[in-house]
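First the structure, in the form of structure tokens, and then the observations on it.
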Protein chains: 2
Amino acid sequence: MPFRAPVSDYQFLFEHVVDLAQVTRTERFAEADNDVTDAILTEAGRMCEDIMAPVQRNGDLHPAVLENGVVRTSPGFADAYQKIAEGGWIGVGADPEFGGMGLPHTITTAVNEMMSAACLSLQLNPLMTQGQIEALEHHASDDIKSVYLPKLISGEWSGTMNLTEPAAGSDVGALRSKAEANDDGSYAVTGQKIFISWGDNDFTDNVCHLVLARLPDGKPGTKGISLFIVPRHIPDDAGNPGVANSLRVVSLEHKMGLHGSPTAVMEFDGAKGWLIGEPHDGMRAMFTMMNNARLGVGCQGIGAAEGAYQYALAYAQDRKQGRTPVGDGTGSIVDHADVRRMLATMKAEIFAARAIALSCAVAIDMSTATDDTEAKARAAYLTPIAKAFGTDTGIAVSEMGVQVHGGMGFIEETGAAQYSRDVRVTAIYEGTNGIQAMDLVARKLMDGGEAAYRLLDEIEENAEIARSTMPELAEPVWEATETLRETTEWLVAQKDLNERFAGAVPFLKGFARVLGAHFHLRAAMGEGMYGPRTKLARFYITRMLPEHVGLLAHAVRGAADLYALSEEDLSV
Amino acid sequence: MPFRAPVSDYQFLFEHVVDLAQVTRTERFAEADNDVTDAILTEAGRMCEDIMAPVQRNGDLHPAVLENGVVRTSPGFADAYQKIAEGGWIGVGADPEFGGMGLPHTITTAVNEMMSAACLSLQLNPLMTQGQIEALEHHASDDIKSVYLPKLISGEWSGTMNLTEPAAGSDVGALRSKAEANDDGSYAVTGQKIFISWGDNDFTDNVCHLVLARLPDGKPGTKGISLFIVPRHIPDDAGNPGVANSLRVVSLEHKMGLHGSPTAVMEFDGAKGWLIGEPHDGMRAMFTMMNNARLGVGCQGIGAAEGAYQYALAYAQDRKQGRTPVGDGTGSIVDHADVRRMLATMKAEIFAARAIALSCAVAIDMSTATDDTEAKARAAYLTPIAKAFGTDTGIAVSEMGVQVHGGMGFIEETGAAQYSRDVRVTAIYEGTNGIQAMDLVARKLMDGGEAAYRLLDEIEENAEIARSTMPELAEPVWEATETLRETTEWLVAQKDLNERFAGAVPFLKGFARVLGAHFHLRAAMGEGMYGPRTKLARFYITRMLPEHVGLLAHAVRGAADLYALSEEDLSV
């Protein structure tokens, strides 16, 4: 079952839906013209098809294991990783001064999504490294940059994020890891970290851990946390991996999916590390990196959805069963109405999630290129939506992919179930989707809703334009946006944040439903009445957009009824 | 993590929501008074807690395997099975003449649900046997009954259903297995069957296969299929297992979940079998058994949801993380609004699905006891809803259970993921949920919608009664029912069944949403304003019922837009 990179979809979205041209018109990204973009996407797509997709099943069947303290990765992963690194795919958006391509984050986003579709467990490795590159670019000293960035960007070394501890998950501020200054300007880092994705591997010369820990004078909570880079092997004077550091992989987790990605419990025992950014300011540095990582995880969900969709479509086109109501009556199951409904739902959802993610990436690029506060606010607002909706889409679409396969979907050899198991964690890590929704209704509405209302204005303005040519699509989008506006106003008016939290997740989902409809409408406008994307837009707007009613009704119910259901009531 | 059987919920539902009393007032079920029912539920609940729940993880960790042609089951399964059999739990509803308890199917339904919650993979074995018992009770000769029923009901022997073949899944009529008459009145059955749940085991003295096959003069399609009972060991004159039959387990499937249940590829090579029912009339016999099996599978979904909910609630009550907005600020995560939203959603959904399933069972019992055509039609109408909504609930609730656990949910040792993987197949087997929805909008609306409208009338009458005392709950239920009525009328008016099929799944889901609200409302009416079930009803009616709007809007879009999206469009 070969994977086919959806390159033409990105190209269409760039041109007609998310307006990548605004990015390439800036001085910062002037070199990323259409020719460059097309060449990069095509090349990346080929790499995903030829190098990554073939090892996808290996990761599931032959999980990474810990042998005598050494992580052994799945068959074929080392080779595939080398080719990812050699192709420059880790540093698509990284600083050219250190070997990166310096392309817009929008391109990185598309490439990451394709890589996720081809092999999610392996893709997670470069994704972690990208986050580290970004944190170092923004917050590290020149010395650290010159030692680490070239190796990370080239892929010779890889990077990890070490936040979570057994008693400090969503509440990072509760962490207990400590750091004490050494005499040489470095620090001794001590503590245990859990859920460390790609905590080690057998194919990079070094593994560099970004570790959150507290200095002796660090306050309790998030404001007393500092960030350190702690390499597995300490770089020698020439910048090559030298003596082993005092850290180790204690164990690997046995997970529901993503078996190819070793999830480690890490032990740091006075390990040598270097401060990144200012003391006690680690959370800020971490957030720089986490924001884009959140978008990256959203794209993991979309990628998994794309892979699952391609599997399901191929199966439905091949499998013959029952009399089908269209064609000559001997067609494959793709001709059954309910199977087609599932496939159309999957495709329409992927398109919506992809458009939201790319639109978020464009806003990030505009913010990088112009330092414009509106672009910044837009990126900040869209990030939790892109993360949660992208990963929810990954789960829902891969789950539907299993269903399209019927009985074969439950059989592991088919490969459909793997997408469903692998992608499950994306709704949890990098901030659970509940955390994303709370971020959206609290921090991202702290501006009194300005960023949200600007988006809603934009949607309505676009719908106004479309009203004359495709009223049956434009009108429902406009009306749903009005409902969403009222909902947003209700949330903004709640002073007690818990009133907002009680409806946060349905609000985020409802916002994504409407945004998705907006981007589908733009696709239809870009394509004209009879194109495939217009038909897909009609499916989405007439059949899926109405879900916003239920979601937004839930969003404005507040906290009282919820807490009326006491812990005891829940136990009856 | 001990499992606690939700006995009090059944008792409440019997009394206040689904009116079990109408069943026990009949002559047929007069003996099943409250005392008997309570004793049975309590005893069954204890068995589930003490015997079945402790082996649940074993099934996942140590899957059934095929060794030298022999199936070896998971550790502890054989012992647990013996206790299930000894307790009489296989024949709760079976004919007392052959050793059954002869209790209402409603009691069987509750017991099966508890058993599913405790250990789904093991429970599937008795569920298959129950289906076989029922088919034999209705369609077998007295000779066959006297040999097989006592052994099946006592659990000495187990039963399977053999329908599916590689090219005949949802389309059973395409099967190729053959049967030819032997000289002694038996038949020689030949063919390969796949996806045979509990195709063999190492703890019953015999395994009896109900096999669909075609006689030489059988027409193509479903009308030419006959049903045979084909035992692993041919009963001798004394009715004990004698010589081995010409059949074997070829292989076991490697599945996403339900590892404790061996799913076999079966090969019948001129195996000796006996005709059940009339020649070429096998589908009718199979449907007798499949209807109740469908309800049984719906209850598997609900059971898995219950188990997953208990896991999630226990975790949420134990886990401390972050400042919580209620209580003293040091509470567990159950106090976070979004966690409470998830738990309330899970509990409310389980209650709705359980009420629908039990209401369906009550209709089955009334139909058995009185042969009333309205009861029959009601049971027939509710069956696909109970199956699809019960299993959808199993999937959605167990998925949410993983989310409540955060990172721990993805770690297999926690046990949350197992529910999610195990229950996944329930939306597929015994007729996919798409098939259930097609059955609902086609066959079950063939009466011009009578059975549906009677249900809707009942819901509105009940809401009218509730209007004076709890208008804020009654009014939305009444209004949603009106929308559902219009939707049903639209479907009934479509002569072309494919117009209905295009919206079948959202219609079924929307119907279930409204039915669920009805039963929640009845619970509130039975309990009064301040009870826990009334608060749960308020949660469901105000936050979950509004989803019917989106679902029912989707249901009436018809087929044209769907097929406008050609196979080629789906491949773009």
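Say we look at the range A:70-95 and pick out the residues that are touching a residue at least 40 places away in the same chain (Cβ under 8 Å) and more than 30 Å from A:ALA32 (Cβ to Cβ); which of these is surrounded by the fewest Cβ atoms within 10 Å (Cβ to Cβ)?
A:VAL70
Tell me, yes or no, whether the range A:439-453 has at least one residue that is away from every other protein chain (no Cβ under 14 Å) and crowded, with 24+ Cβ neighbours inside 10 Å.
yes
Within the range B:395-411, is even one residue at pLDDT 95 or above, more than 18 Å from A:THR432 (Cβ to Cβ), more than 10 Å from every other protein chain (Cβ to nearest Cβ) and crowded, with 24+ Cβ neighbours inside 10 Å?
So far as the range B:395-411 goes, no, none of its residues is at pLDDT 95 or above, more than 18 Å from A:THR432 (Cβ to Cβ), more than 10 Å from every other protein chain (Cβ to nearest Cβ) and crowded, with 24+ Cβ neighbours inside 10 Å.
Examine the range B:156-178 for a residue that is within 26 Å of B:GLY88 (Cα to Cα), at pLDDT 95 or above, part of a strand (DSSP E or B) and within 14 Å of chain A (Cβ to nearest Cβ), and state whether such a residue exists.
Scanning the range B:156-178, I find at least one residue that is within 26 Å of B:GLY88 (Cα to Cα), at pLDDT 95 or above, part of a strand (DSSP E or B) and within 14 Å of chain A (Cβ to nearest Cβ), so the answer is yes.
Only one of these is touching a Leu at 6+ places or on another chain (Cβ under 6 Å) and among the hydroxyl-bearing types (Ser, Thr, Tyr): A:THR483, A:THR414, A:THR393. Name it.
A:THR483
Is it the case, given these coordinates, that B:ARG557 is within 11 Å of chain A (Cβ to nearest Cβ) and either in contact with a Gly (Cβ under 7 Å, 6 or more places away or on another chain) or of a type in the set (A, V, I, L, M, F, W, C) (or both)?
yes
Output the residues belonging to the range A:128-143 that are touching a Phe, Trp or Tyr at 6+ places or on another chain (Cβ under 9 Å), under 16 Å from A:MET286 (Cβ atoms) and part of a helix (DSSP H, G or I).
A:MET128, A:THR129, A:GLN132, A:ILE133, A:LEU136, A:GLU137
Considering only helices (runs of 4 or more DSSP H) fully contained in the range A:490-547, which possess at least 3 residues that are within 12 Å of chain B (Cβ to nearest Cβ) and more than 25 Å from B:GLN403 (Cβ to Cβ)?
Correct list: A:532-539.
Give the number of residues within the range A:272-320 that are aromatic (Phe, Trp, Tyr) and modelled with pLDDT under 95.
Counting residues in the range A:272-320 that are aromatic (Phe, Trp, Tyr) and modelled with pLDDT under 95 gives 1.
So B:ASP328 fits all but one of (1) surrounded by fewer than 24 Cβ atoms within 10 Å (Cβ to Cβ); (2) away from every other protein chain (no Cβ under 13 Å); (3) modelled with pLDDT of 95 or more; (4) more than 30 Å from A:ARG340 (Cα to Cα); what number is the exception?
Unmet condition: (3).
Conditions first: (1) facing another protein chain (nearest Cβ under 7 Å); (2) within 25 Å of B:THR542 (Cα to Cα); (3) among the aliphatic types (A, V, I, L, M); (4) surrounded by 18 or more Cβ atoms within 10 Å (Cβ to Cβ). A:ALA564 passes all but one, so which condition is the exception?
(4)
Of the conditions (1) farther than 30 Å from A:ASP183 by Cβ; (2) touching a strand residue (DSSP E or B) at 6+ places or on another chain (Cβ under 7 Å); (3) of a type outside the set (A, V, I, L, M), A:GLY296 fails just one. Which one is it?
(2)
Would you confirm whether or not the range A:171-184 contains a residue that is more than 11 Å from A:GLY273 (Cα to Cα), in contact with an Asp or Glu (Cβ under 7 Å, 6 or more places away or on another chain) and among the polar types (S, T, N, Q)?
There is at least one residue in the range A:171-184 that is more than 11 Å from A:GLY273 (Cα to Cα), in contact with an Asp or Glu (Cβ under 7 Å, 6 or more places away or on another chain) and among the polar types (S, T, N, Q).
All but one of (1) surrounded by fewer than 24 Cβ atoms within 10 Å (Cβ to Cβ); (2) at the interface with chain B (Cβ under 9 Å from one of its Cβ atoms) hold for A:ARG341; state the number of the condition that does not hold.
Answer for A:ARG341: the failing condition is (1).
Regarding A:THR324, is this residue under 21 Å from A:THR160 (Cβ atoms) and hydroxyl-bearing (Ser, Thr, Tyr)?
Answer is no for this residue.
Could you list, in sequence order, the residues of the range B:461-475 that are charged (D, E, K, R) and exposed (fewer than 14 other Cβ atoms within 10 Å of the Cβ)?
Within the range B:461-475, B:GLU461, B:GLU464, B:GLU472 qualify.
Kindly establish whether B:ASP335 is modelled with pLDDT under 95, at negative phi and within 11 Å of another protein chain (Cβ to nearest Cβ).
yes
Could you tell me whether any residue of the range A:263-277 is among the charged types (D, E, K, R), crowded, with 17+ Cβ neighbours inside 10 Å, within 17 Å of A:LEU212 (Cβ to Cβ) and away from every other protein chain (no Cβ under 14 Å)?
For the range A:263-277, residues among the charged types (D, E, K, R), crowded, with 17+ Cβ neighbours inside 10 Å, within 17 Å of A:LEU212 (Cβ to Cβ) and away from every other protein chain (no Cβ under 14 Å): present.
Please verify whether the range B:243-250 includes one or more residues that are in contact with a Pro (Cβ under 7 Å, 6 or more places away or on another chain), closer than 29 Å to B:ASP184 by Cβ and buried (at least 20 other Cβ atoms within 10 Å of the Cβ).
yes
Do we find that B:ARG72 is within 23 Å of the chain's Cα centre (by Cα), within 24 Å of B:THR204 (Cβ to Cβ) and not aromatic (Phe, Trp, Tyr) in this structure?
no
Take A:ARG294 and decide whether it is part of a helix (DSSP H, G or I) and basic (Lys, Arg).
In short, yes.
Working carefully through the options A:TYR530, A:TYR563, find the one that is among the aromatic types (Phe, Trp, Tyr) and closer than 27 Å to B:LEU570 by Cα.
Criteria check complete, one pass: A:TYR530.
Is it the case that some residue within the range B:457-473 is within 11 Å of chain A (Cβ to nearest Cβ) and over 28 Å from B:ALA305 (Cβ atoms)?
no
Pick from the range A:345-361 the residues that are within 12 Å of chain B (Cβ to nearest Cβ) and surrounded by 23 or more Cβ atoms within 10 Å (Cβ to Cβ): which of them is farthest from B:VAL505 (Cα to Cα)?
Among them, the one singled out is A:PHE351.
What do you reckon, is A:SER116 under 24 Å from A:THR42 (Cα atoms), within 14 Å of chain B (Cβ to nearest Cβ), in contact (Cβ under 8 Å) with a residue 60 or more places away in the chain and in a helix (DSSP H, G or I)?
It is false that A:SER116 is under 24 Å from A:THR42 (Cα atoms), within 14 Å of chain B (Cβ to nearest Cβ), in contact (Cβ under 8 Å) with a residue 60 or more places away in the chain and in a helix (DSSP H, G or I).
Pick from B:PRO325, B:PRO279: which is over 19 Å from the mean Cα position of the chain (by Cα), part of a loop (DSSP other than H, G, I, E, B) and under 29 Å from B:GLY91 (Cα atoms)?
B:PRO279
The values are calculated or read from the model by the stated rules, or taken from the named source; none is laboratory data. All of these numbers come straight from a predicted model, not from anything done at the bench. Methodologically, a virtual Cβ is constructed for each residue, glycine included, from the backbone with ideal geometry; neighbour enumeration extends over all protein chains shown.
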